[in-house]
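Here is the structure we will look at, set down as structure tokens.
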Amino acid sequence: MSDPVTQFADAIRSAADGKRPLNIRGGGSKTFYGNPTIGETLDVTTYRGIIEYEPTELVITARAGTPLADIEAAMREQGQMLGFEPPHFGGNATLGGCIAAGLSGPRRPYAGSARDFVLGLRLLDGRGSDLHFGGQVMKNVAGYDVSRLITGSLGTLGVILEVSLKALPLPPSELTLCREQTQCEALALMNEWAGKPLPITATCHVDGRMYVRLAGATPAVHSALAKLGGETLADGATFWRELRDQRHAFFAGESPLWRVSLPSIAPELQLSGAQLIEWGGALRWLRSDSDAMSIRKAARNGDGHATRFRGGDPRSGAFHPLPSPMLKLHKRVKQAMDPAGIFNPGRLYTDF
Amino acid sequence: MSAPVHAIPVDFERQRAVCAALRAFMPEHGVLFEREDVTPYECDGLSAYRQVPMVVVLPENEEQVCAILETCYALRVPVTARGTGTGLSGGALPLGNGVLLSMAKLMKIVALDPLARTARVQPGVRNLSISEAAAPHGLYYAPDPSSQIACSIGGNVAENSGGVHCLKYGLTVHNVLKLRVATIEGEIIEVGGGGLDAAGYDLLALMTGSEGLLGVVTEITVKLLPRPECAQVVLAAFDDVATAGQAVANVIAAGIIPAGMEMMDQPAILAVEPFVNAGYPTDAAGILLCESDGTREEVADEISRIERIMEDSGAHLVRVSRDESERLRFWAGRKAAFPAVGRLSPDYYCMDGTIPRKRLAEVLRGITEMEKKYELRCANVFHAGDGNLHPLILYDANDRRQLQNAEDFGAEILKLCIDVGGTITGEHGVGVEKIDSMCVQFNSAELETFHALKHAFDEHALLNPGKAVPTLHRCAEFGRMHVHSGAEKFPELPRF
Ligand SMILES: Cc1cc2nc3c(=O)[nH]c(=O)nc-3n(C[C@H](O)[C@H](O)[C@H](O)COP(=O)(O)OP(=O)(O)OC[C@H]3O[C@@H](n4cnc5c(N)ncnc54)[C@H](O)[C@@H]3O)c2cc1C
């Protein structure tokens, strides 16, 4: 049997010839995310394994089908981590799916997003061409930054084969403080503290309580705790992991889950339904049966955007509609990478 | 360098038509075409390439930028945007049949929000002025290219510029939240958003580092960071550069991401020391400057660990800055490296490859061999933390043979960078300078992808054409001259 890459490339070429859509699939942990797509499944989990990991170069390169958990375990062994704290949403999450979805976890505002950590990748485009962009070095401005364009494109621009990511050291010490606080107070504090040199690596407000993770050199963490005050949470690590993977009680149940991305200083959202705040105020999760129009209008008015993350009425697309010049540009970018329009059609926007 | 773009004679009729169209909405002083008025724009920081533009336009607001682009689009005139012209790869080199669009008059800081920690600025604002405006709030803009007093933030976005602190704080792409961009049709789009992400493709990442080929940036929202409570720097000297390189790896292995980690080799030290008296030991083969910043507790903890690692790694001298003035003095030498080297020779040529750090010793040995081969000296400064190497080749531009040798020397260094798994440019961009080296780093399918993306934004190739991405024909021609290891990289193209 030929190697997986040749198989994928053959499948792509024949799909492109026949204009038959392909549904690219990793572990399937994020199938819920985005709009439903059609097409024959292209399973990329057969292409797996860490290719190169050099802790002192701060770079790890792995194949797209590698389980995210394997990558994180290998890094933990070397005292390192993925700085964007990617959500897994299930034990079978793969690296390819993680980068294609482009989602980041609680550490995002303090360390950077998935795309910030992408140094380079190898992909198959819509012609089945095998392409490398970026590389395994920290700085690289040769050519357009295609690797970061691919990140978060939900498989609509190409089949990710391999990814190189920047690694970060695990902080020597970490603790979580917790205080009773209204949402309004929490928003104010999150913004105020972010403007101070404090070792904060995650923030959350839910059910009248505010949680702040401090991480770094042990003396720095303790002095920050003394400065900020609050009780320490016994099992902070579990709290943040459950938040990251949406296993916190806030996420249970069937009511539609909206992800509203806003400037961190945006006031409380005036929408019905429970809210959970993350990312220093820049991310608001909302459980609400309100109609998509009014949620999106509130997000837009606040200079942000709203994603229908889980559940809700599928007739309103998952992602915030694009203004027309942007939509036009998106279609042209799609056309550049995938001229036959075979990759995950409709998954991002129904137009392409 | 020796082969600047052919000087095109001015097509006066065309020039008159373009000026007339622009004058319809631009004030007279905003449209320049007389030889003496446009000559100051003939080159950027890479002065070996020069070309006088047909017309220079100086818009003062976004509406004018849009109208200029709309006009150029209608007349099919190519447009090159220019910030303050400090670029080192000829990215802002004008076209003889084109319009040079200077963004230098758009220099307002539109809004600064200390609570949100953002600044909204026009593209002509200088990098350092953002940090100066943010300073009263205890904030700053992190990317700090050595040219920060002069370079524009629009130019930084177009080049994805870095600085000595970018291992810890990121490049421009990591510190920009939103852009307003004028397309070649003269339409405004917004990429990125008010929050930390935006709907759709990450066009913010694509625009950053696109060297003015995809759109003209008219407004930038940057992220501001709290100024660290304090900073200290360790100066360590080594008997050979390989040991210094290993010391860098040992710092990283200990779980430390220094705020800055710079290396200089002996030729660079010898150039700098008499010039600035930074206190560098002139007998060392290489020195490292390793900075820690953060809260007092963090810095105290990290500095003592760095000191120990340097000693254990074989440094023969380790000094920690005792106060702020000594810290600045240690840095002054590094910051003056380019001008200091410039005093040693009539001209120097600054290269910008990035390599995996573990290959440093090998690459420096290779460069030493090349010094003999091309009979030119080379001093090396190195953003050691992130593997970005700046070899400075000393030559005399008036000597044609030296000029040619310097260019070949540079190209061979870049090839070596690619061979060890690195890249031809870490932060200065491709521009016109490294366009042939792009043919070595990318294959034709990859280059075609770049062209397809360019086409998505600019179908008539009017935005800064001829820069950053070579045509396949150019690569075929280049490949014909430089076939390596017998393998032709562009076999599908006809040879001519
Ligand atoms: C002494 C010295 C030290 C330097 N040190 C560093 C360093 O440490 N790190 C580093 O990264 N660089 C460094 N540089 C290089 C240079 O300063 C940067 O590349 C800088 O970002 C260029 O900014 P500029 O405003 O001068 O741009 P210009 O040189 O005017 O233009 C650069 C490119 O940007 C495009 N452009 C400019 N404005 C816009 C806009 N508004 N919209 C779209 N495209 C635009 C131009 O077309 C061109 O392609 C140094 C240069 C010098 C001379």
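The values are calculated or read from the model by the stated rules, or taken from the named source; none is laboratory data. Nothing here was measured: the structure is a model prediction, and the numbers come from that model. Positions of Cβ are generated from backbone atoms using ideal geometry, with glycine treated the same way; all protein chains shown enter the neighbour counts. Quick note on the areas: whole protein, heavy atoms, side chains included, nothing else; ligands and nucleic acids left out. Shrake-Rupley method; radii C 1.70, N 1.55, O 1.52, S 1.80 Å.
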Worksheet entry | Rounded to the nearest 10 Å², the accessible area of B:H137 at probe 1.4 Å | 90
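What does the C-alpha gyration tensor say about the overall shape of segment A:39-92? Classify as rounded when a/c is under 1.5, otherwise prolate if a/b is larger than b/c, or oblate.
Numbers: a/c = 2.65, a/b = 1.68, b/c = 1.58.
Taking the square roots of the gyration eigenvalues as a ≥ b ≥ c, segment A:39-92 is prolate.
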Response to the item:
Placing each pseudo-label 7 Å from Cα in the direction of the beta carbon, B:E362 and A:E72 end up separated by a distance in nanometres of 3.4
Worksheet item: How many angstrom lie between the C-alpha centres of segment B:21-36 and segment A:139-185?
Response: 46
Response to the item:
Computed Rg/Rh for chain A (Cα atoms; Rh = Kirkwood radius) stands at 0.97
Discussion item. Along the Cα→Cβ direction, 7 angstrom out, place labels at A:L170 and A:T350. What is the inter-label distance in nm?
Written reply: 4.7
Worksheet entry | In Hz, Karplus ³J(HN,Hα) per residue of segment B:276-283 (6.51, -1.76, 1.60; θ = phi - 60°; x = Gly, Pro) | 10, 6, 7, x, 7, x, 6, 8
Discussion item. For a Förster distance of 35 Å, can you work out the FRET efficiency between the beta-carbons of B:H137 and B:E36, rounded to the nearest 0.05?
Written reply: 0.20
Worksheet entry | segment B:173-190-segment B:111-152 distance, computed between alpha-carbon centres (Å) | 18
Worksheet item: B:L115 to B:E311: extension gain in nm, 0.36 nm per residue of separation minus the Cα-Cα distance?
Response: 66.3 nm
Item to complete: Could you calculate the FRET efficiency of A:S290 with B:D323 from 1/(1 + (r/R0)^6), where r is the beta carbon distance between them and R0 is 45 Å, rounded to 0.05?
Response: 0.20
Worksheet item: Shape of the protein assembly as shown from its Cα gyration tensor (a ≥ b ≥ c, root eigenvalues): rounded if a/c is under 1.5, otherwise prolate when a/b > b/c, or oblate?
Response: rounded
Worksheet item: Just the Cα atoms of segment A:216-271, one point each, no solvent: what log10 I(q)/I(0) does Debye give at q = 0.14, 0.20, 0.29 Å⁻¹?
Response: -0.69, -1.02, -1.10
Response to the item:
Of B:9-20, B:452-463, ordering from highest average Cβ density within 10 Å down gives B:452-463, B:9-20
Fill in: Two-site label geometry, B:R50 and A:S255: point separation in nm, points 7 Å out along Cα→Cβ
7.1
Worksheet item: Over segment B:1-126, one equal point on each Cα, no solvent: what is log10 I(q)/I(0) by the Debye formula at q = 0.14, 0.17, 0.21 Å⁻¹?
Response: -0.62, -0.86, -1.19
Fill in: Solvent accessible area, Å² - B:R180, 1.4 Å probe, full protein context
60
Worksheet item: If one takes the longest principal axis of the Cα atoms in chain B, at what angle in degrees, from 0 to 90 and to the nearest 10, does the Cα axis of helix B:324-335 lie?
Response: 60
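Just checking the output field for A:326-339: average partner chain Cβ neighbours within 10 Å of each residue's Cβ?
Numbers: counts 8, 1, 4, 11, 5, 1, 6, 8, 2, 3, 10, 5, 0, 1.
Per residue, the number of nearby Cβ atoms from other chains is 5 on average.
Averaged across B:167-180, how many Cβ atoms of other chains sit within 10 Å of each residue's Cβ atom? Could the numbers behind the result be given before it?
Details: counts 4, 0, 0, 5, 5, 1, 5, 5, 2, 0, 1, 2, 0, 0.
Average neighbour count from other chains, rounded to a whole number: 2.
Please state, as a whole number in µm²/s, the translational diffusion coefficient that the Stokes-Einstein equation yields for segment A:4-169 at 10 °C and 1.306 mPa s, with Rh defined as the Kirkwood radius across alpha carbon pairs. Write out the running numbers ahead of the final one.
Numbers: Rh = 15.9 Å.
Once the numbers are plugged in, D ends up at 100 µm²/s.
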Item to complete: Give the angle, between 0 and 90 degrees and rounded to the nearest 10, that separates the Cα long axis of helix B:241-253 from the longest principal axis of the Cα atoms of chain B.
Response: 90
Practice prompt. Using Cα centres only, tell me the gap between segment B:246-289 and segment A:217-252 in whole Å.
Written response: 39
Worksheet, complete the sentence: Amide H contacts under 5 Å for B:N380, restricted to residues at least 5 apart in sequence or on another chain and with H modeled in the peptide plane, are B:D265, B:A268, B:L392
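For chain B, compute the orientation-averaged projected area of the C-alpha convex hull (one quarter of its surface), in nm².
On the way: hull surface 95.3 nm².
Taking a quarter of the hull surface, the average projection is 23.8 nm².
Stick to Cα atoms and the Kirkwood definition of Rh, then tell me Rg/Rh for segment B:109-226. Provide the component values of the computation, followed by the final result.
Values: Rg = 13.2 Å, Rh = 14.0 Å.
Ratio of gyration radius to Kirkwood radius: 0.94.
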Worksheet, complete the sentence: In order over segment B:348-353: 3J(HN,Hα) from phi, Karplus 6.51/-1.76/1.60, θ = phi - 60°, whole Hz, x for each Gly or Pro, gives 9, 10, 9, 9, 8, x
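If you count, for every residue in B:347-355, the Cβ atoms of partner chains within 10 Å of its Cβ, what is the mean? Mind showing how you got there, number by number?
On the way: counts 0, 0, 0, 0, 0, 3, 4, 8, 1.
Mean partner shielding for this stretch: 2.
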Worksheet entry | At R0 = 30 Å, FRET efficiency that the Cβ-Cβ distance of A:N92 and A:R20 yields, to 0.05 | 0.70
